[in-house]
Amino acid sequence: MRIEQLQQNFDLDCRYLTFPLHPETPQEGKSLEQLFCERMDVPAVMEQLRRVADSLDLPFGQRSHTYNSRNAQELGHWAARHGQFVPYQKAIYHAYFVAGINIAEPNNLLPIIEKIGLNPSEAELCLQERQCAAAVDRDWDQAVAAGIRAVPTLRCEGRELVGFHPYEACCQLVTG
């Protein structure tokens, strides 16, 4: 991932914010056609995303639906508290963008938690008690207040890159 490369080559203190991308999406999800209501050519956009993923050496599956990411975001905060944010982030990427798994469903998230070596019973309790809801709410508020409208958005000392860019552009963002 670009962030990991940047951290290896520069002295960076990175902070991830969760972002409310389509928070109105129901737990069962929506087809991409429903979500975008003919506002875009979904197959063309998916092909563009596939090319970007290929350029980053990331796998990318045949995703046809979008799912509400709120539960996954809350567990992301929980995994970070246990020092497992990066493995969790990678596992969620694979589940969502490669396997097309509904990441709104706790029953789909708990095996991911177990796979990265965390306790699924504790994760389930985290979701039931909404232990990380306030942290996600703070992230959402901060992202919206900062004018973030898309993912990924990279910011460094007042400069930003929106979308996926070549590593060299990310380096330019960091070095000014």
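Values as computed for the structure displayed
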| read-out | value |
| --- | --- |
| Contour excess over end-to-end distance, with Cα ends at His165 and Arg149 and 0.36 nm allotted per residue | 4.1 nm |
| Simple spin-label estimate for Glu122 and Tyr16 in nanometres, 7 Å along Cα-Cβ | 1.8 |
| For Ile101, residues with placed amide H under 5 Å, excluding near neighbours | Tyr96 |
| Residue-count net charge about Asn9 - beta-carbon cut-off 13 Å; Lys, Arg +1, Asp, Glu -1 | -2 |
| Net charge over other residues, Cβ less than 13 angstrom from the Cβ of Pro23 (K, R count +1; D, E count -1) | -3 |
| Amide H within-cut-off set for Thr25, under 5 Å, with H built and near neighbours excluded | none |
| Fewest-first ranking of Asp41, Asp13, using other Cβ atoms within 10 Å as the exposure measure | Asp13, Asp41 |
| Residue-wise HN-Hα coupling along region 93-108, computed from phi with Karplus coefficients 6.51, -1.76, 1.60 (Hz; x: Gly, Pro) | 3, 4, 4, 7, 8, 9, 8, x, 6, 6, 7, 7, 7, x, 5, 8 |
| Amide H contacts of His65 (H built 1.01 Å from N, under 5 Å, at least 5 apart or other chain) | Leu32 |
| For Ser64, net neighbour charge (Lys/Arg +1, Asp/Glu -1) across residues whose Cβ lies under 12 Å away | +1 |
| Taking the C-alpha atoms of the chain, convex hull volume expressed per residue in Å³ | 127 |
| Residue-wise HN-Hα coupling along region 162-174, computed from phi with Karplus coefficients 6.51, -1.76, 1.60 (Hz; x: Gly, Pro) | 10, x, 8, 10, x, 3, 4, 5, 5, 4, 5, 4, 5 |
| Length released on extending from Glu4 to Arg51, taking residue separation times 0.36 nm less the Cα-Cα span | 14.9 nm |
| Residues Glu122, Glu157, Glu105, sorted so that the one with the fewest Cβ neighbours within 10 Å comes first | Glu157, Glu122, Glu105 |
| Under Karplus coefficients 6.51, -1.76 and 1.60, residue-wise ³J(HN,Hα) of region 132-147 in Hz, glycine/proline x | 10, 4, 5, 5, 5, 4, 4, 4, 4, 4, 5, 5, 5, 4, 7, x |
| Cα-centred dipole magnitude for the chain, charges only on beta-carbon of K, R (+1) and D, E (-1), debye, nearest 20 | 140 |
| Extension gain from Asp137 to Lys90, taking 0.36 nm per residue of separation minus the Cα-Cα distance | 14.7 nm |
| Ascending count of other beta-carbon atoms within 10 Å, so fewest first, for Cys126, Cys171, Cys37, Cys14 | Cys37, Cys14, Cys171, Cys126 |
| Mean ellipticity per residue at 222 nm, deg cm²/dmol - from DSSP H runs of n ≥ 4 across the chain, formula -39500 (n - 2.57) | -15000 deg cm²/dmol |
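Every number in this text was worked out from the coordinates using simple rules, so none of it is lab data. Keep in mind the model is a prediction, meaning the values are calculated, not measured. For neighbour counting, all protein chains shown are included, and Cβ atoms are generated from backbone atoms with ideal geometry for every residue, glycine included.
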